[in-house]
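Enquirer: Take a look at this one; I'll ask things after.
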C-alpha cells in the first residue's frame, strides 16, 4: 500500500496518541473530583463508560489515514494485444450461399468486430489466395484496419498454410517458413507471443501451398492462437470462374483442426447473422495490468461508522452524545 500524502501518517500516530493520553488524564481527574465530592465511582459499568469514547478515539487514526490518500496496486483484466484478421479471397468466396456473398458477409462482420475493440487491441489485416499479403500492419488505428477490410476483392485459389505463415511473420517481425523435411518446430525459435491471435475467415477449401496443420503447429509453438470462422454452407453454391461453373461448399474439417492445434476454436457461420455472432464471440486474450486503486473512501467510511456508533452508544447509555 502507498500514500499520496504520507506526511499525514505522522498525524495519524501523534493525534490519536495525544487524544488517548488526554482522555486518560480527564478520566483520572474526573474520578478524583467525584471522590472529593463523596460520590464515588459512577455506575453503569466500565464498558458503558468507556466504549463510546473508545470508538470515537479509534475513528481518529482511521480518518487521518484516509486523508493520507491510501492506494493499492490491483491487477485489472483487460482485452489487449494483437489481432490479425486473415481473409480468404479465393474465387470460392464469391459464392452466394451466404448473402450477399461469403466474402462480403465476412467483411461486414469483421468491420463490426474491429469497431467493437478497445484501443488496447492492435488490429491488422491479411488477405490470402494462392499467396498471402499483409495489407494493413497491426495498428491501434481501427479506422485504417476497417478501410483495409473494405478494399478486399475475391480472386485466385486458397492457401491456408501461407496465410498462417505470413500472419506469424507480421506478429513476430521476421520471415517465417516451415521447418525443412517435416521437422518439428524448435521451441522458442520465433519467440513467444501469447497476446497475439489470428482470426481466419475462410470456407476451408485449401487448394495448395504450405501444409496448414504444420503451419498451425508452428503458431502453437510461438504461443499464437488461431480462431477460425467457417464462411459458407454445407450445401454449397456455384461460382463462375473464367467462364466455368465451379461447385464450392464449406469444408469444416481443416478449419477445425487448425484452430484446435493452437488451442483456438472453430465457429461455423452459415448466414450473415450467424457470421456476425461468430465474430463477436471470438475469444481474445485477456491480460492483466496493475493499476492504482484509491482506498480513501473505505477508510473514510470506516471512520464515519466508528463516529456514528460512538455517538449512538453515548446517547443510549449515558443520555448524551459524547
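None of the figures in this text is laboratory data; all of them are computed from the coordinates on show. Keep in mind it's a predicted model, so treat the numbers as computed, not measured. Note: ideal-geometry Cβ built from the backbone for every residue, glycine included; neighbour counts use all protein chains shown.
Enquirer: What list do you get for 244, 266 if you sort them by fewest beta carbons within 10 Å?
Expert: Working: 244 8, 266 21.
Fewest-to-most Cβ neighbours within 10 Å comes out as 244, 266.
Enquirer: With 10 angstrom as the radius, rank 93, 1 by how many other C-beta atoms surround their C-beta, starting from the fewest.
Expert: Ordered from fewest to most neighbouring Cβ atoms within 10 Å, 93, 1 come out as 1, 93.
Enquirer: Go through (1) -0.49, -0.99, -1.21; (2) -0.23, -1.01, -1.39; (3) -0.25, -1.12, -1.53 and flag the label whose value is the computed log10 I(q)/I(0) by the Debye sum over Cα atoms at q = 0.07, 0.14, 0.16 Å⁻¹ for this structure.
Expert: (1)
Enquirer: Additional query: To the nearest 10 degrees, how steeply does helix 212-221 sit against the main Cα axis of the chain, on a 0 to 90 scale?
Expert: Between the helix axis and the principal axis of the chain, the angle is about 20 degrees.
Enquirer: Then there is this: For the pair residue 155 and residue 238, how long in nm is the line joining their label points, each one 7 Å along Cα→Cβ?
Expert: With each label placed 7 Å out from Cα toward Cβ, I get 2.5 nm.
Enquirer: Can you give the % of DSSP beta bridges in the chain that are antiparallel, to the nearest 5?
Expert: On the way: 21 of 45 bridges.
If we restrict to bridges inside the chain, about 45 percent are antiparallel.
Enquirer: Continuing with the same structure: Highest GNM mean-square fluctuation, the chain, Cα pairs closer than 10 Å: which of 58, 220, 150?
Expert: 58
Enquirer: Now for a separate question. Rounded to a whole number, what is D in µm²/s for segment 161-276 from Stokes-Einstein with the Kirkwood radius over alpha-carbon pairs (10 °C, 1.306 mPa s)? Don't jump to the answer; show the numbers that get you there.
Expert: Details: Rh = 15.0 Å.
Answer, rounded: 106 µm²/s.
Enquirer: Rounded to the nearest 5, what % of the DSSP beta bridges within segment 127-239 are antiparallel ones?
Expert: Numbers: 2 of 8 bridges.
If I count the DSSP bridges inside segment 127-239, around 25 percent turn out antiparallel.
Enquirer: Here's another thing I want to ask about it. Taking the Cα atoms only, what angle lies between the long axis of helix 102-116 and the longest principal axis of the chain, rounded to 10 degrees?
Expert: The two axes meet at around 20 degrees.
Enquirer: I'd like the orientation of helix 160-172 relative to the chain: the angle between its Cα long axis and the longest Cα principal axis, in ° from 0 to 90, rounded to 10.
Expert: Long axis of 160-172 versus the principal axis of the chain: about 40 degrees.
Enquirer: At 0.36 nm per residue, minus the direct Cα-Cα distance, what do residue 297 and residue 312 gain on full extension? Give it in nm, one decimal, please.
Expert: Details: separation 15, 0.36 × 15 = 5.40 nm, distance 2.22 nm.
Stretched fully, the residue 297-residue 312 segment lengthens by 3.2 nm.
Enquirer: Who wins for biggest fluctuation among 32, 146, 300 in a Gaussian network model of the chain, springs between alpha carbons below 10 Å?
Expert: Highest fluctuation of the listed residues: 32.
Enquirer: Taking the chain as a Gaussian network, Cα atoms linked when under 10 Å apart, which of 267, 25, 102 shows the biggest mean-square fluctuation?
Expert: In the Gaussian network model the winner is 25.
Enquirer: Okay, helix-only estimate at 222 nm for the chain: each DSSP H run of n ≥ 4 adds -39500 (n - 2.57), divide by all residues, round to 500 deg cm²/dmol; what do you get?
Expert: Details: 9 runs with 141 residues, N = 322.
Calculated from helices alone, the mean residue ellipticity at 222 nm is -14500 deg cm²/dmol.
Enquirer: How high is the relative contact order of the chain, in percent, counting Cα pairs under 8 Å that sit 6 or more residues apart?
Expert: Details: 645 pairs, mean separation 75.5, N = 322.
With pairs under 8 Å counted, the relative contact order is 23 percent.
Enquirer: Right, next: Cut-off is 10 Å between beta-carbons; in what order do 121, 282 appear when sorted fewest neighbours first? Write down the numbers at each step before the final one.
Expert: On the way: 121 21, 282 18.
Lowest to highest Cβ neighbour count: 282, 121.
Enquirer: Students often check this: by mean Cβ neighbours within 10 Å, which of 59-71, 301-313 ranks highest, and how do the rest follow?
Expert: Going by the mean number of other Cβ atoms within 10 Å, highest first, we get 59-71, 301-313.
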